[in-house]
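One structure below.
Rule-based calculations on the coordinates, nothing more; no lab input. In this text the structure is predicted, and so the values were computed from the model without any measurement. Using ideal geometry, Cβ is built from the backbone for each residue, glycine included, and neighbour counts are taken over all protein chains shown.
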Amino acid sequence: MIEPHVPVQRALFQIEGPDEDGCVWICSAEGRDVWCQNLGPEKPAADVLSQWLASRNCDQAEAP
């Protein structure tokens, strides 16, 4: 649960792509020059991210 007095932090990354090779990239929210990592081909990367998001149950808030 997020405490009311704690500011919500934005994501520290952005997702880009697919590029000309069909790959997806995760990069610093401050820009590609800070850091950037290839996550691989679009479909497998999307599948892994989707599975992770589903496991987090992000849409439901925890009860106090």
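Annotations
- Ratio of Rg to Rh over the range 13-56 (Cα coordinates, Kirkwood Rh, two decimals): 1.01
- Label reach from Gln51 (point 7 Å along Cα→C-beta): in the range 7-32, amide nitrogens under 18 Å belong to 24.
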